[in-house]
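Structure, as C-alpha coordinates:
The values are calculated or read from the model by the stated rules, or taken from the named source; none is laboratory data. Quick caveat, the model's predicted, so the values are computed rather than measured. FYI the Cβ positions are ideal-geometry reconstructions off the backbone, even for glycines, and counts take in every protein chain you see.
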Amino acid sequence: MDERVKPRHLLFKASIVLGVLLGVLLLAETLWTYRLVRIGMVRAEAKREADRRVQSLIASSRLTGNRNAAAFFPMIDEIVKGAPLQYAWVRVLNLDGTPITSAGKAGFAPVYAPGELARTVRNRDRPQRILQTPEGPVLIDLNTIRIGPAPAPGPGRPMVFGVVEIGVLIDGVSTRFGQLRERLILGCSASFALLAAVLIIGLRFRHYVRGKLVEEQVAMARLVQFDLLPAGSLLTRDVEFAAKCVPTWQVGGDFYDAFETEDHQIALCLGDVSGKGVSAALLMGVVQGVVHASNGTGSPLNHEQSMERLNHLLCMKTAMERFVSLVWCYFDPGNSVLRYINAGHLPPLLMRENDGHFEVHHLDEGGGPVLGLLPGATYEQAEVTIQPGDLLVVFSDGISEAANAADEEFGEDRMIEAVKKNWAGSPTQILDALLASVRQFLGKMPPHDDQTLMVVRLQKVPTSARYREGVVTGEILTR
(Lines give C-alpha, C1' and ligand atoms only; values in the text may rest on other atoms or scores of the structure.)
Protein backbone atom coordinates (compact mmCIF):
# COMPACT_ATOMS: atom_id res chain seq x y z
CA MET A 1 0.00 0.00 0.00
CA ASP A 2 1.23 3.50 -0.75
CA GLU A 3 2.82 5.11 2.31
CA ARG A 4 0.90 8.31 1.60
CA VAL A 5 -2.37 6.43 1.85
CA LYS A 6 -1.71 4.87 5.27
CA PRO A 7 -2.27 7.99 7.45
CA ARG A 8 -5.68 8.51 5.84
CA HIS A 9 -6.83 5.15 7.18
CA LEU A 10 -5.53 5.34 10.76
CA LEU A 11 -8.93 6.48 12.03
CA PHE A 12 -10.58 3.58 10.21
CA LYS A 13 -8.15 1.09 11.79
CA ALA A 14 -8.71 2.65 15.22
CA SER A 15 -12.45 2.24 14.73
CA ILE A 16 -11.95 -1.45 13.96
CA VAL A 17 -9.94 -1.96 17.16
CA LEU A 18 -12.52 -0.02 19.18
CA GLY A 19 -15.31 -2.10 17.68
CA VAL A 20 -13.55 -5.34 18.70
CA LEU A 21 -13.06 -4.05 22.25
CA LEU A 22 -16.71 -3.03 22.50
CA GLY A 23 -17.79 -6.45 21.28
CA VAL A 24 -15.62 -8.21 23.85
CA LEU A 25 -16.81 -5.89 26.64
CA LEU A 26 -20.44 -6.44 25.66
CA LEU A 27 -19.96 -10.20 25.75
CA ALA A 28 -18.19 -10.10 29.12
CA GLU A 29 -20.84 -7.77 30.56
CA THR A 30 -23.63 -10.07 29.36
CA LEU A 31 -22.06 -13.17 30.90
CA TRP A 32 -21.22 -11.34 34.15
CA THR A 33 -24.75 -9.97 34.45
CA TYR A 34 -26.22 -13.41 33.81
CA ARG A 35 -24.03 -14.88 36.53
CA LEU A 36 -24.94 -12.24 39.10
CA VAL A 37 -28.65 -12.39 38.36
CA ARG A 38 -28.63 -16.19 38.38
CA ILE A 39 -26.89 -16.28 41.78
CA GLY A 40 -29.34 -13.72 43.15
CA MET A 41 -32.34 -15.72 41.89
CA VAL A 42 -30.95 -18.95 43.35
CA ARG A 43 -30.29 -17.36 46.74
CA ALA A 44 -33.75 -15.82 46.81
CA GLU A 45 -35.32 -19.18 45.99
CA ALA A 46 -33.18 -20.92 48.63
CA LYS A 47 -34.29 -18.33 51.19
CA ARG A 48 -37.93 -18.90 50.32
CA GLU A 49 -37.53 -22.67 50.66
CA ALA A 50 -35.86 -22.27 54.05
CA ASP A 51 -38.59 -19.92 55.28
CA ARG A 52 -41.27 -22.37 54.21
CA ARG A 53 -39.59 -25.16 56.12
CA VAL A 54 -39.21 -23.02 59.25
CA GLN A 55 -42.86 -21.99 59.16
CA SER A 56 -43.83 -25.63 58.74
CA LEU A 57 -41.61 -26.51 61.70
CA ILE A 58 -43.15 -23.78 63.89
CA ALA A 59 -46.66 -24.81 62.92
CA SER A 60 -45.95 -28.47 63.75
CA SER A 61 -44.43 -27.60 67.13
CA ARG A 62 -47.36 -25.34 67.96
CA LEU A 63 -49.83 -28.13 67.21
CA THR A 64 -48.04 -30.62 69.43
CA GLY A 65 -47.54 -28.04 72.17
CA ASN A 66 -44.15 -29.56 72.92
CA ARG A 67 -41.05 -27.60 71.89
CA ASN A 68 -38.21 -29.40 73.63
CA ALA A 69 -35.30 -31.09 71.87
CA ALA A 70 -36.98 -34.48 71.70
CA ALA A 71 -39.97 -32.95 69.90
CA PHE A 72 -37.88 -31.00 67.37
CA PHE A 73 -35.64 -33.84 66.18
CA PRO A 74 -38.25 -35.92 64.29
CA MET A 75 -39.45 -32.83 62.45
CA ILE A 76 -36.00 -31.58 61.35
CA ASP A 77 -34.88 -35.10 60.54
CA GLU A 78 -37.89 -35.46 58.24
CA ILE A 79 -36.93 -32.20 56.48
CA VAL A 80 -33.38 -33.41 55.70
CA LYS A 81 -34.33 -36.95 54.74
CA GLY A 82 -37.24 -35.73 52.63
CA ALA A 83 -34.93 -33.64 50.40
CA PRO A 84 -31.31 -34.80 50.89
CA LEU A 85 -30.16 -33.06 47.67
CA GLN A 86 -31.64 -29.76 48.78
CA TYR A 87 -30.88 -29.54 52.51
CA ALA A 88 -27.42 -30.21 53.98
CA TRP A 89 -28.51 -29.96 57.60
CA VAL A 90 -31.04 -28.43 60.01
CA ARG A 91 -30.12 -27.41 63.57
CA VAL A 92 -31.93 -25.89 66.55
CA LEU A 93 -29.57 -23.73 68.59
CA ASN A 94 -29.66 -21.90 71.86
CA LEU A 95 -28.90 -18.20 71.73
CA ASP A 96 -25.40 -18.89 73.05
CA GLY A 97 -24.74 -21.02 69.95
CA THR A 98 -24.90 -24.46 71.56
CA PRO A 99 -26.92 -26.98 69.52
CA ILE A 100 -30.10 -28.37 71.02
CA THR A 101 -30.67 -30.92 68.25
CA SER A 102 -29.54 -31.40 64.67
CA ALA A 103 -30.11 -33.55 61.60
CA GLY A 104 -28.04 -34.03 58.47
CA LYS A 105 -24.37 -33.26 57.90
CA ALA A 106 -24.09 -30.73 60.67
CA GLY A 107 -20.34 -31.27 60.94
CA PHE A 108 -19.92 -28.58 58.26
CA ALA A 109 -22.12 -26.11 60.13
CA PRO A 110 -20.56 -22.78 61.19
CA VAL A 111 -19.53 -21.88 64.73
CA TYR A 112 -20.99 -18.65 66.11
CA ALA A 113 -19.23 -16.19 68.35
CA PRO A 114 -20.65 -15.55 71.84
CA GLY A 115 -23.59 -13.18 71.70
CA GLU A 116 -23.88 -13.31 67.88
CA LEU A 117 -27.16 -15.23 67.82
CA ALA A 118 -28.56 -13.16 70.71
CA ARG A 119 -27.94 -9.98 68.69
CA THR A 120 -29.63 -11.61 65.73
CA VAL A 121 -32.81 -12.25 67.74
CA ARG A 122 -32.73 -8.88 69.47
CA ASN A 123 -32.22 -6.91 66.23
CA ARG A 124 -34.54 -9.15 64.24
CA ASP A 125 -31.72 -9.48 61.76
CA ARG A 126 -31.62 -12.45 59.40
CA PRO A 127 -28.15 -12.41 57.86
CA GLN A 128 -27.27 -14.86 55.10
CA ARG A 129 -23.92 -16.36 54.40
CA ILE A 130 -22.54 -18.81 51.84
CA LEU A 131 -20.42 -21.61 53.24
CA GLN A 132 -18.22 -23.71 50.99
CA THR A 133 -18.45 -27.40 51.90
CA PRO A 134 -17.36 -30.65 50.22
CA GLU A 135 -21.00 -31.05 49.16
CA GLY A 136 -20.94 -27.70 47.39
CA PRO A 137 -21.90 -24.13 48.37
CA VAL A 138 -24.45 -23.98 51.19
CA LEU A 139 -26.70 -21.03 52.01
CA ILE A 140 -27.08 -20.56 55.80
CA ASP A 141 -30.52 -19.25 56.82
CA LEU A 142 -31.36 -18.30 60.43
CA ASN A 143 -34.87 -17.97 61.90
CA THR A 144 -36.00 -17.29 65.47
CA ILE A 145 -38.12 -19.97 67.20
CA ARG A 146 -39.62 -20.30 70.69
CA ILE A 147 -38.19 -23.21 72.68
CA GLY A 148 -39.78 -25.12 75.55
CA PRO A 149 -43.41 -25.24 76.76
CA ALA A 150 -45.58 -22.16 76.73
CA PRO A 151 -45.01 -20.07 79.88
CA ALA A 152 -47.69 -19.80 82.56
CA PRO A 153 -49.58 -16.55 82.62
CA GLY A 154 -48.30 -13.88 84.89
CA PRO A 155 -45.56 -11.30 85.11
CA GLY A 156 -41.88 -12.24 85.22
CA ARG A 157 -42.19 -15.35 83.11
CA PRO A 158 -40.41 -14.45 79.82
CA MET A 159 -40.47 -16.76 76.79
CA VAL A 160 -37.33 -18.69 75.87
CA PHE A 161 -36.09 -18.29 72.25
CA GLY A 162 -33.70 -20.23 70.10
CA VAL A 163 -32.59 -20.21 66.51
CA VAL A 164 -33.36 -22.61 63.66
CA GLU A 165 -30.40 -22.91 61.28
CA ILE A 166 -31.07 -24.42 57.85
CA GLY A 167 -28.24 -25.20 55.40
CA VAL A 168 -29.61 -25.17 51.86
CA LEU A 169 -27.51 -26.72 49.09
CA ILE A 170 -27.45 -24.05 46.38
CA ASP A 171 -26.79 -26.58 43.64
CA GLY A 172 -29.99 -28.35 44.60
CA VAL A 173 -32.23 -25.29 44.32
CA SER A 174 -34.62 -25.46 41.40
CA THR A 175 -35.87 -22.24 39.82
CA ARG A 176 -36.90 -21.00 36.39
CA PHE A 177 -34.27 -19.27 34.23
CA GLY A 178 -36.22 -19.17 30.94
CA GLN A 179 -36.43 -15.40 30.52
CA LEU A 180 -32.95 -14.91 31.93
CA ARG A 181 -31.51 -17.37 29.41
CA GLU A 182 -33.38 -15.61 26.59
CA ARG A 183 -31.68 -12.36 27.62
CA LEU A 184 -28.36 -14.20 27.78
CA ILE A 185 -28.79 -15.63 24.28
CA LEU A 186 -29.87 -12.24 22.92
CA GLY A 187 -26.95 -10.40 24.50
CA CYS A 188 -24.39 -13.00 23.41
CA SER A 189 -25.81 -13.03 19.88
CA ALA A 190 -25.51 -9.24 19.67
CA SER A 191 -21.92 -9.43 20.94
CA PHE A 192 -20.91 -12.11 18.44
CA ALA A 193 -22.68 -10.27 15.61
CA LEU A 194 -20.78 -7.07 16.44
CA LEU A 195 -17.48 -8.93 16.65
CA ALA A 196 -18.14 -10.78 13.39
CA ALA A 197 -19.10 -7.58 11.56
CA VAL A 198 -16.05 -5.69 12.81
CA LEU A 199 -13.70 -8.58 12.06
CA ILE A 200 -15.10 -8.98 8.54
CA ILE A 201 -14.66 -5.26 7.94
CA GLY A 202 -11.12 -5.47 9.29
CA LEU A 203 -10.26 -8.48 7.11
CA ARG A 204 -11.72 -6.74 4.05
CA PHE A 205 -9.90 -3.49 4.79
CA ARG A 206 -7.10 -4.08 2.31
CA HIS A 207 -9.61 -5.02 -0.36
CA TYR A 208 -11.53 -1.84 0.42
CA VAL A 209 -8.42 0.28 -0.04
CA ARG A 210 -7.59 -1.48 -3.28
CA GLY A 211 -11.15 -0.95 -4.44
CA LYS A 212 -10.87 2.77 -3.75
CA LEU A 213 -7.66 2.88 -5.74
CA VAL A 214 -9.37 1.05 -8.60
CA GLU A 215 -12.21 3.56 -8.48
CA GLU A 216 -9.70 6.38 -8.80
CA GLN A 217 -8.07 4.65 -11.75
CA VAL A 218 -11.47 4.13 -13.40
CA ALA A 219 -12.24 7.81 -12.91
CA MET A 220 -8.94 8.63 -14.63
CA ALA A 221 -9.85 6.21 -17.43
CA ARG A 222 -13.15 8.07 -17.88
CA LEU A 223 -11.24 11.33 -18.28
CA VAL A 224 -8.91 9.71 -20.80
CA GLN A 225 -11.89 8.34 -22.72
CA PHE A 226 -13.45 11.79 -22.69
CA ASP A 227 -10.27 13.21 -24.18
CA LEU A 228 -10.32 10.62 -26.97
CA LEU A 229 -13.75 11.71 -28.14
CA PRO A 230 -13.96 14.80 -30.33
CA ALA A 231 -14.44 18.11 -28.56
CA GLY A 232 -16.07 21.23 -29.98
CA SER A 233 -14.15 22.51 -33.03
CA LEU A 234 -14.74 23.86 -36.53
CA LEU A 235 -14.75 20.91 -38.94
CA THR A 236 -16.09 22.14 -42.27
CA ARG A 237 -18.68 24.50 -43.63
CA ASP A 238 -20.56 21.52 -45.06
CA VAL A 239 -21.06 19.43 -41.92
CA GLU A 240 -22.68 20.12 -38.54
CA PHE A 241 -22.03 17.34 -36.08
CA ALA A 242 -23.33 16.42 -32.61
CA ALA A 243 -22.81 13.24 -30.60
CA LYS A 244 -23.14 11.96 -27.06
CA CYS A 245 -22.12 8.78 -25.27
CA VAL A 246 -23.85 7.76 -22.04
CA PRO A 247 -21.96 4.76 -20.56
CA THR A 248 -23.82 2.28 -18.39
CA TRP A 249 -20.78 2.24 -16.10
CA GLN A 250 -18.15 4.92 -15.56
CA VAL A 251 -16.46 3.93 -18.80
CA GLY A 252 -17.96 2.11 -21.75
CA GLY A 253 -17.21 0.41 -25.03
CA ASP A 254 -19.22 2.67 -27.31
CA PHE A 255 -17.33 5.38 -29.18
CA TYR A 256 -17.68 7.90 -31.96
CA ASP A 257 -15.30 10.11 -33.88
CA ALA A 258 -15.29 12.79 -36.56
CA PHE A 259 -12.26 14.35 -38.21
CA GLU A 260 -11.13 15.84 -41.48
CA THR A 261 -8.72 13.91 -43.69
CA GLU A 262 -5.82 15.32 -45.67
CA ASP A 263 -7.88 15.37 -48.88
CA HIS A 264 -10.62 17.37 -47.11
CA GLN A 265 -13.09 14.54 -46.68
CA ILE A 266 -14.98 14.10 -43.41
CA ALA A 267 -14.44 10.80 -41.58
CA LEU A 268 -17.34 9.73 -39.37
CA CYS A 269 -17.41 6.55 -37.30
CA LEU A 270 -19.43 5.02 -34.49
CA GLY A 271 -18.68 1.66 -32.92
CA ASP A 272 -19.83 -0.66 -30.18
CA VAL A 273 -17.40 -2.99 -28.39
CA SER A 274 -18.94 -6.11 -26.87
CA GLY A 275 -19.20 -5.94 -23.09
CA LYS A 276 -18.94 -3.00 -20.75
CA GLY A 277 -16.49 -1.37 -18.39
CA VAL A 278 -12.73 -0.92 -18.52
CA SER A 279 -11.94 -3.85 -20.84
CA ALA A 280 -14.38 -2.59 -23.47
CA ALA A 281 -13.04 0.96 -23.09
CA LEU A 282 -9.46 -0.22 -23.70
CA LEU A 283 -10.46 -2.01 -26.89
CA MET A 284 -12.44 1.06 -27.93
CA GLY A 285 -9.26 3.15 -27.72
CA VAL A 286 -7.40 0.67 -29.93
CA VAL A 287 -10.11 0.71 -32.62
CA GLN A 288 -10.35 4.50 -32.57
CA GLY A 289 -6.58 4.83 -32.91
CA VAL A 290 -6.49 2.47 -35.90
CA VAL A 291 -9.30 4.39 -37.62
CA HIS A 292 -7.39 7.65 -37.20
CA ALA A 293 -4.16 6.14 -38.52
CA SER A 294 -5.76 4.46 -41.53
CA ASN A 295 -6.05 5.90 -45.04
CA GLY A 296 -9.56 5.04 -46.13
CA THR A 297 -10.10 7.69 -48.75
CA GLY A 298 -9.30 7.60 -52.43
CA SER A 299 -10.36 4.37 -54.08
CA PRO A 300 -12.89 2.08 -52.34
CA LEU A 301 -10.09 -0.49 -52.06
CA ASN A 302 -8.23 1.68 -49.55
CA HIS A 303 -11.27 1.84 -47.30
CA GLU A 304 -11.98 -1.87 -47.59
CA GLN A 305 -8.36 -2.90 -46.94
CA SER A 306 -8.21 -0.62 -43.88
CA MET A 307 -11.28 -2.35 -42.46
CA GLU A 308 -9.82 -5.79 -43.22
CA ARG A 309 -6.52 -4.90 -41.51
CA LEU A 310 -8.43 -3.72 -38.44
CA ASN A 311 -10.42 -6.97 -38.39
CA HIS A 312 -7.21 -9.02 -38.66
CA LEU A 313 -5.62 -7.08 -35.80
CA LEU A 314 -8.59 -7.66 -33.50
CA CYS A 315 -8.76 -11.36 -34.41
CA MET A 316 -5.08 -11.78 -33.51
CA LYS A 317 -5.02 -9.68 -30.34
CA THR A 318 -8.39 -10.19 -28.66
CA ALA A 319 -10.35 -13.13 -27.29
CA MET A 320 -13.25 -14.67 -29.22
CA GLU A 321 -15.81 -13.06 -26.92
CA ARG A 322 -14.45 -9.61 -27.76
CA PHE A 323 -15.71 -8.17 -31.04
CA VAL A 324 -16.64 -4.77 -32.42
CA SER A 325 -19.47 -3.53 -34.61
CA LEU A 326 -18.49 -0.41 -36.55
CA VAL A 327 -19.92 2.08 -39.02
CA TRP A 328 -17.07 3.86 -40.83
CA CYS A 329 -18.05 6.65 -43.23
CA TYR A 330 -16.32 9.24 -45.41
CA PHE A 331 -18.29 12.24 -46.63
CA ASP A 332 -16.99 13.84 -49.83
CA PRO A 333 -18.54 17.34 -49.89
CA GLY A 334 -17.11 18.11 -53.33
CA ASN A 335 -19.03 15.25 -54.95
CA SER A 336 -21.89 15.15 -52.42
CA VAL A 337 -21.26 11.47 -51.76
CA LEU A 338 -21.23 9.55 -48.48
CA ARG A 339 -19.13 6.37 -48.67
CA TYR A 340 -19.44 3.86 -45.85
CA ILE A 341 -18.71 0.34 -44.62
CA ASN A 342 -20.97 -1.22 -42.02
CA ALA A 343 -19.23 -3.99 -40.04
CA GLY A 344 -22.14 -5.72 -38.35
CA HIS A 345 -23.60 -2.53 -36.85
CA LEU A 346 -27.20 -1.35 -36.88
CA PRO A 347 -27.86 0.40 -40.24
CA PRO A 348 -27.58 4.18 -39.91
CA LEU A 349 -30.54 6.31 -40.98
CA LEU A 350 -30.25 8.90 -43.73
CA MET A 351 -33.27 11.19 -43.47
CA ARG A 352 -34.36 13.71 -46.09
CA GLU A 353 -37.22 16.21 -46.27
CA ASN A 354 -39.00 17.21 -49.50
CA ASP A 355 -41.89 19.66 -49.20
CA GLY A 356 -42.87 18.38 -45.75
CA HIS A 357 -42.52 14.72 -46.66
CA PHE A 358 -39.75 12.70 -45.05
CA GLU A 359 -37.71 9.97 -46.67
CA VAL A 360 -35.83 7.49 -44.52
CA HIS A 361 -33.02 5.44 -46.09
CA HIS A 362 -31.29 2.60 -44.25
CA LEU A 363 -27.58 2.43 -45.07
CA ASP A 364 -27.44 -1.36 -45.18
CA GLU A 365 -25.67 -2.05 -48.47
CA GLY A 366 -22.19 -3.52 -48.71
CA GLY A 367 -20.29 -3.91 -45.43
CA GLY A 368 -19.38 -7.19 -43.77
CA PRO A 369 -19.40 -9.07 -40.42
CA VAL A 370 -18.44 -7.68 -37.04
CA LEU A 371 -14.74 -7.11 -36.42
CA GLY A 372 -12.66 -9.58 -34.42
CA LEU A 373 -14.46 -12.86 -35.15
CA LEU A 374 -13.56 -14.00 -38.69
CA PRO A 375 -9.88 -13.52 -39.61
CA GLY A 376 -10.46 -13.79 -43.35
CA ALA A 377 -13.56 -11.61 -43.57
CA THR A 378 -13.87 -9.17 -46.46
CA TYR A 379 -15.69 -5.85 -46.54
CA GLU A 380 -17.35 -3.87 -49.31
CA GLN A 381 -17.72 -0.12 -49.49
CA ALA A 382 -21.09 1.38 -50.44
CA GLU A 383 -22.00 4.94 -51.28
CA VAL A 384 -25.06 7.16 -51.33
CA THR A 385 -25.65 10.54 -52.94
CA ILE A 386 -26.27 13.39 -50.49
CA GLN A 387 -28.65 16.28 -50.96
CA PRO A 388 -28.28 19.57 -49.07
CA GLY A 389 -29.78 19.34 -45.60
CA ASP A 390 -29.75 15.52 -45.36
CA LEU A 391 -29.50 14.22 -41.82
CA LEU A 392 -27.38 11.21 -40.91
CA VAL A 393 -28.37 9.44 -37.66
CA VAL A 394 -25.99 6.76 -36.38
CA PHE A 395 -26.77 5.01 -33.10
CA SER A 396 -25.81 2.07 -30.90
CA ASP A 397 -28.18 -0.70 -29.82
CA GLY A 398 -28.37 0.95 -26.39
CA ILE A 399 -30.69 3.50 -28.04
CA SER A 400 -32.93 1.38 -30.24
CA GLU A 401 -33.08 -1.59 -27.84
CA ALA A 402 -33.61 0.42 -24.64
CA ALA A 403 -36.35 -1.48 -22.78
CA ASN A 404 -38.86 -0.08 -20.30
CA ALA A 405 -40.50 -1.80 -17.33
CA ALA A 406 -42.92 -3.59 -19.69
CA ASP A 407 -39.92 -5.03 -21.60
CA GLU A 408 -40.89 -2.97 -24.65
CA GLU A 409 -38.02 -1.65 -26.79
CA PHE A 410 -37.72 1.98 -27.86
CA GLY A 411 -37.25 0.97 -31.49
CA GLU A 412 -36.47 2.80 -34.74
CA ASP A 413 -39.97 4.18 -35.23
CA ARG A 414 -39.80 6.26 -32.07
CA MET A 415 -36.37 7.48 -33.09
CA ILE A 416 -37.65 8.62 -36.48
CA GLU A 417 -40.65 10.37 -34.90
CA ALA A 418 -38.39 12.24 -32.46
CA VAL A 419 -36.19 13.41 -35.34
CA LYS A 420 -39.18 14.55 -37.40
CA LYS A 421 -40.59 16.59 -34.52
CA ASN A 422 -37.30 18.43 -34.12
CA TRP A 423 -36.23 18.56 -37.76
CA ALA A 424 -35.95 22.35 -37.79
CA GLY A 425 -33.48 22.33 -34.90
CA SER A 426 -29.74 21.95 -35.00
CA PRO A 427 -28.13 18.49 -34.73
CA THR A 428 -27.42 19.22 -31.06
CA GLN A 429 -31.09 20.03 -30.42
CA ILE A 430 -32.23 16.93 -32.33
CA LEU A 431 -29.78 14.75 -30.39
CA ASP A 432 -30.87 16.13 -27.00
CA ALA A 433 -34.54 15.70 -27.88
CA LEU A 434 -33.99 12.10 -28.98
CA LEU A 435 -32.06 11.18 -25.83
CA ALA A 436 -34.75 12.86 -23.71
CA SER A 437 -37.35 10.69 -25.47
CA VAL A 438 -35.33 7.59 -24.59
CA ARG A 439 -35.07 8.62 -20.91
CA GLN A 440 -38.79 9.33 -20.76
CA PHE A 441 -39.54 5.97 -22.37
CA LEU A 442 -37.35 4.11 -19.86
CA GLY A 443 -38.95 5.82 -16.85
CA LYS A 444 -37.32 4.46 -13.69
CA MET A 445 -35.65 1.59 -15.51
CA PRO A 446 -31.86 2.02 -15.77
CA PRO A 447 -30.29 1.59 -19.21
CA HIS A 448 -28.91 -1.90 -19.76
CA ASP A 449 -26.31 -0.87 -22.32
CA ASP A 450 -24.19 2.10 -23.33
CA GLN A 451 -26.19 4.70 -25.26
CA THR A 452 -24.33 6.44 -28.09
CA LEU A 453 -25.89 8.69 -30.71
CA MET A 454 -24.46 10.73 -33.60
CA VAL A 455 -26.46 13.28 -35.59
CA VAL A 456 -24.81 14.87 -38.65
CA ARG A 457 -26.33 17.52 -40.93
CA LEU A 458 -24.82 17.19 -44.42
CA GLN A 459 -24.85 20.37 -46.56
CA LYS A 460 -23.29 20.68 -50.02
CA VAL A 461 -23.45 24.48 -50.58
CA PRO A 462 -22.88 26.56 -47.41
CA THR A 463 -25.09 29.48 -48.40
CA SER A 464 -27.65 29.25 -45.65
CA ALA A 465 -27.04 31.50 -42.68
CA ARG A 466 -28.11 28.62 -40.49
CA TYR A 467 -25.13 26.55 -41.56
CA ARG A 468 -22.60 29.17 -42.57
CA GLU A 469 -20.36 28.00 -39.72
CA GLY A 470 -20.89 24.28 -39.27
CA VAL A 471 -19.79 23.37 -35.75
CA VAL A 472 -18.59 20.02 -34.46
CA THR A 473 -19.51 19.24 -30.88
CA GLY A 474 -19.06 16.03 -28.94
CA GLU A 475 -19.74 15.04 -25.37
CA ILE A 476 -19.49 11.98 -23.11
CA LEU A 477 -21.79 11.80 -20.11
CA THR A 478 -21.94 9.64 -17.04
CA ARG A 479 -25.06 8.76 -15.19
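I'd like to verify a number: residues in the range 10-48 that are surrounded by fewer than 13 Cβ atoms within 10 Å (Cβ to Cβ) and of a type in the set (Asp, Glu), how many?
Residues meeting the conditions: 1.
Residue-wise test of (1) in contact (Cβ under 8 Å) with a residue 24 or more places away in the chain; (2) in contact with a strand residue (DSSP E or B) (Cβ under 6 Å, 6 or more places away or on another chain); (3) farther than 19 Å from Gly398 by Cα.
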{"residue": "Cys269", "(1), (2), (3)": "yes, yes, no"}
{"residue": "Gly275", "(1), (2), (3)": "yes, no, no"}
{"residue": "Gly289", "(1), (2), (3)": "no, no, yes"}
{"residue": "Thr318", "(1), (2), (3)": "yes, no, yes"}
{"residue": "Asp332", "(1), (2), (3)": "yes, no, yes"}
{"residue": "Ile341", "(1), (2), (3)": "yes, yes, yes"}
{"residue": "Asp355", "(1), (2), (3)": "no, no, yes"}
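When residues of the range 96-119 are filtered for being part of a loop (DSSP other than H, G, I, E, B) and either at pLDDT below 85 or exposed (fewer than 14 other Cβ atoms within 10 Å of the Cβ) (or both), how many remain? Show your work before the answer.
Of the range 96-119, the ones part of a loop (DSSP other than H, G, I, E, B) are 96-98, 105, 109-115.
Keeping just the survivors that are either at pLDDT below 85 or exposed (fewer than 14 other Cβ atoms within 10 Å of the Cβ) (or both) gives 96-98, 109-115.
Final tally of qualifying residues: 10.
I'm trying to understand the selection: among the residues of the range 378-414, which are of a type outside the set (Val, Ile, Thr), part of a helix (DSSP H, G or I) and under 21 Å from Trp328 (Cα atoms)?
So the first thing to find is which residues in the range 378-414 are of a type outside the set (Val, Ile, Thr), and the list is 379-383, 387-392, 395-398, 400-414.
With part of a helix (DSSP H, G or I) added as a condition, the list becomes 397-398, 400, 411-414.
Of everything in the range 378-414, those that are of a type outside the set (Val, Ile, Thr), part of a helix (DSSP H, G or I) and under 21 Å from Trp328 (Cα atoms) turn out to be Asp397, Gly398, Ser400, Glu412.
So for the range 163-171 (the condition being assigned to a helix (DSSP H, G or I), under 30 Å from Ile76 (Cβ atoms) and either over 38 Å from the mean Cα position of the chain (by Cα) or at pLDDT 70 or above (or both)), does at least one residue qualify? Don't jump to the end; show me each part of the working.
We begin by selecting, within the range 163-171, every residue assigned to a helix (DSSP H, G or I); these are 170-171.
After this cut, where a residue has to be under 30 Å from Ile76 (Cβ atoms) as well, the list is 170-171.
Filter once more, so that each one left must be either over 38 Å from the mean Cα position of the chain (by Cα) or at pLDDT 70 or above (or both): 170-171.
Yes, some residue in the range 163-171 is assigned to a helix (DSSP H, G or I), under 30 Å from Ile76 (Cβ atoms) and either over 38 Å from the mean Cα position of the chain (by Cα) or at pLDDT 70 or above (or both).
Pairs under 8 Å by beta carbon, first residue assigned by TED's automatic domain parsing to the domain that holds Cys329 in the range 439-454, partner basic (Lys, Arg) and in a helix (DSSP H, G or I), six or more apart or different chains?
That search, which allows pairs on different chains as well, returns Phe441/Arg414.
If we scan the range 297-304, do we find a residue that is under 21 Å from Tyr340 (Cα atoms), of a type in the set (Gly, Ala, Ser) and crowded, with 19+ Cβ neighbours inside 10 Å?
Step one: of the range 297-304, the residues under 21 Å from Tyr340 (Cα atoms) are 297-304.
Right, trim to of a type in the set (Gly, Ala, Ser) and you get 298-299.
Going one step further and asking which of them are crowded, with 19+ Cβ neighbours inside 10 Å, we end up with none.
No, there is no match, as no residue in the range 297-304 is under 21 Å from Tyr340 (Cα atoms), of a type in the set (Gly, Ala, Ser) and crowded, with 19+ Cβ neighbours inside 10 Å.
Counting only residues that are touching a residue at least 40 places away in the same chain (Cβ under 8 Å) and closer than 19 Å to Gly136 by Cβ, how many does the range 13-43 have?
4
Given the conditions (1) touching a residue at least 40 places away in the same chain (Cβ under 8 Å); (2) in contact with a Cys (Cβ under 7 Å, 6 or more places away or on another chain); (3) not in a strand (DSSP E or B), which single one is not true for Leu326?
With (1) touching a residue at least 40 places away in the same chain (Cβ under 8 Å); (2) in contact with a Cys (Cβ under 7 Å, 6 or more places away or on another chain); (3) not in a strand (DSSP E or B) applied to Leu326, the lone miss is (3).
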